[in-house]
Amino acid sequence: MKRFLFFLACLFVGLRLSAQQREKYEFSRNLPVYADSLIADLTYPLAWGNSEITGFDAWKKAARQKVFDCMLMPPPPPPHGYDLKVLYEEQRDGYRAQKLEIRLSRYYTVPAYLLIPDGKGPFPAVNVLHDHGAHLFIGKEKVIRPLACEDSVVIKDAEAWLTGYEGQFFGDYLAQNGYVVFAADAPMWGERGQQEGPRRDRYDMIAGNMMMYGIDLSAWMTYDDIAGTEFLASIPEVDASRIGCTGWSMGAYRAWMLSALSDRIKVGAAVCWMVTTDEQLSFRYSRTENGGFANCIPGLRRWLDYPHVASIACPKPMLFINGSQDKLFPVAGVEKAFATMRATWESQGAGDCLETELWEMPHSSGKRSQQRVLAFFKKHL
């Protein structure tokens, strides 16, 4: 009886604390109440067209360096190369699948999948970048069918996650069409997660702790994507002059970031991640999450907005697809971002290399969008 009464007392206190509100406050719905003023003060002085730099190549160099400056400390490179280990291999219909372990930094190794088409190479290649989805238990297994060496729980989870991809593994689809495909776990996902098991709320806490070391976790995800692409270019089966990247959701963010920051990438395709900051961080929409550490580069918004960073990829061929029913990315922000990028590509006489499309669809990457990405790669790779 005493335990029961103690439980009721704790429950009462917990409910009371959760309902406590002060008459005055400074934050509401995960944003500061002065969010509109902050947005008004974002002038993006280093954006193409705003910057005093008039030569496009010089602007790209300066803008890229600013992004790297804001990404803080990069992971120290491995002292003795990739130290590649092939952990498992299996033959699939028209291609080989390998599970690898690669040393991308002096600090850590990275688990990855590699798909190699049958026949004589070298082949064009694609770095396929997995999504966020607030689901951290799997990473690379979201875009490539897990190998038989994986635990049955991992395999089952990957199959369940395919709903957002309309039942088709994006990476396997590309491999069946003649591309070497690489996919690696991002920091905090899959086999790079937490010992205690994946918890979405712990991501932000760990990202904050990493900043105490002078490290931005989102930036390290991009640094790893750059390093993974360099590894991909080193494989004998890959034509290093024909490497592209693609992804959905956070994978799309990773794709255009990688396209902007790596000269190895010749073609990029992003499905469902493009917006402007004024729409993303606005009170105008009833979202419970506006941004987050997964795409947070400290101080960068004081210089460049998302489409300005993506424009560093110009004049590369780039495809952007967003959904008009995507609740994460308001159409107004998507259209403004598309217009900003369009102006940049056209200013360099490369308007035909940028394709921006708004489809009647929610936040997803179904078979139709995968087919569209494949057609874009066939055209440009």
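The values are calculated or read from the model by the stated rules, or taken from the named source; none is laboratory data. Since we're looking at a predicted model, the values are computed, not measured. When we count neighbours, we look across all protein chains shown, and the Cβ atoms used for this are built from the backbone with ideal geometry, even at glycine. Ligands, DNA and RNA are stripped out before the accessible areas are found, and what is left, the full protein with its side chains, is counted by its heavy atoms. Shrake-Rupley method; radii C 1.70, N 1.55, O 1.52, S 1.80 Å.
Report, to the nearest whole %, how much of the accessible area of the chain belongs to carbon and sulfur atoms, 1.4 Å probe, protein only.
Carbon and sulfur atoms account for 55 percent of the accessible area of the chain.
Once you put a point 7 Å from the Cα of Q168 and another 7 Å from the Cα of D263, both along the Cβ direction, what distance in nm separates them?
Taking the simple label geometry, Q168 and D263 are separated by 3.5 nm.
Compute the distance in nm between two label points, each set 7 Å from the Cα along the Cα-to-Cβ direction, one at R342 and one at Y88.
Going by the 7 Å Cα→Cβ label model, 4.7 nm.
Name the GluC sites (Glu not before Pro) in segment 29-99 that are in a loop by DSSP and that have at most 15 other C-beta atoms within 10 Å, would you?
Passing both the DSSP loop test and the Cβ count: E52.
Of the DSSP beta bridges with both residues in the chain, give the percent that are antiparallel, rounding to the nearest 5. Don't jump to the answer; show the numbers that get you there.
Working: 23 of 47 bridges.
Rounded to the nearest five, the antiparallel share is 50 percent.
Shape verdict for segment 224-381, please, from the Cα gyration tensor: rounded (a/c under 1.5), prolate (a/b greater than b/c) or oblate.
prolate
From the phi angles alone, apply the Karplus equation (6.51, -1.76, 1.60; θ = phi - 60°) to segment 172-183 and give each ³J(HN,Hα) in whole Hz, x where the residue is Gly or Pro.
Those phi angles translate into 5, 4, 5, 5, 5, 9, x, 10, 5, 10, 10, 8 Hz.
7 Å from Cα along Cα→Cβ at both Q195 and S37: what's the point-to-point distance in nm?
Taking the two extended label points, one gets 4.5 nm.
Within 10 Å of each candidate Cβ there may be at most 15 other Cβ atoms; applying that plus a DSSP loop requirement, which trypsin sites (Lys or Arg not before Pro) in segment 179-261 survive?
Those satisfying the criteria are R199.
By accessible area of protein heavy atoms, probe 1.4 Å, what ranking do V331, V33, V271 get, highest first?
V33, V331, V271
Using only Cα atoms, locate the centre of segment 15-87 and the centre of segment 331-381, then give the distance between them in Å, rounded to an integer.
23
With the convex hull built on the Cα atoms of the chain, state its orientation-averaged projected area in nm².
22.3
Mind checking segment 137-210 for GluC sites (Glu not before Pro) that DSSP puts in a loop (not H, G, I, E or B) and that have at most 15 other Cβ atoms within 10 Å? Before the final figure, lay out the partial values.
Values: sites: E141, E150, E159, E166, E191, E196; in loops: E150, E166, E196.
Taking segment 137-210 and a limit of 15 other Cβ atoms within 10 Å, the loop GluC sites (Glu not before Pro) found are E166, E196.
Using a Gaussian network model on the chain with a 10 Å cutoff between Cα atoms, which of P330, P236, P111 fluctuates the most?
P236
Using 0.36 nm per residue of separation minus the Cα-Cα distance, give me the extension gain between M205 and F56 in nm, one decimal.
Separation in residues times 0.36 nm, less the Cα-Cα distance, equals 49.7 nm.
Under 16 Å from a point placed 7 Å out from the Cα of H80 along the Cα-to-Cβ direction: which residues of segment 97-113 have their backbone N that close?
Hits in segment 97-113 for H80 at 16 Å: 102-109.
Using a Gaussian network for the chain with springs between C-alpha atoms less than 10 Å apart, which of these wobbles most: F182, F283, F123?
Result: F283 has the largest fluctuation of those listed.
Hey, with R₀ at 35 Å, roughly what FRET efficiency would N30 and R106 work out to, going by the Cβ-Cβ distance, to 0.05?
About 0.45, to the nearest 0.05.
I need the Debye-formula profile for segment 6-165: one equal scatterer per C-alpha, no solvent, reported as log10 I(q)/I(0) at q = 0.14, 0.15, 0.19 1/Å, two decimals.
The computed values of log10 I(q)/I(0) come out as -1.03, -1.06, -1.20.
Run through all the Cα pairs of segment 176-231 and give the fraction in each 5 Å bin from 0, expressed as whole percent.
Reading the bins upward from 0: 4, 16, 22, 22, 16, 10, 5, 4, 1.
Once every DSSP H run of n ≥ 4 in the chain is given -39500 (n - 2.57) and the sum is divided by its residues, what mean residue ellipticity at 222 nm do you get, rounded to the nearest 500 deg cm²/dmol?
Counting only the DSSP helices, I get -11000 deg cm²/dmol.
Is there a pair in K66/K367; K120/K378; K99/K327; K99/K266; K60/K99; K66/K99 whose C-alpha atoms are over 29 Å apart, and which pairs would that be?
K66/K367; K99/K327; K60/K99; K66/K99
Once you sort the root eigenvalues of the Cα gyration tensor of segment 130-191 as a ≥ b ≥ c, which label holds: rounded (a/c under 1.5), prolate (a/b larger than b/c) or oblate (the other case)? Numbers along the way, then the final one.
Values: a/c = 1.43, a/b = 1.39, b/c = 1.03.
Rounded is the answer for segment 130-191, as its axis ratio a/c remains below 1.5.
Can you give the accessible area per residue of the chain, in Å², using a 1.4 Å probe?
That works out to 47 Å² for each residue.
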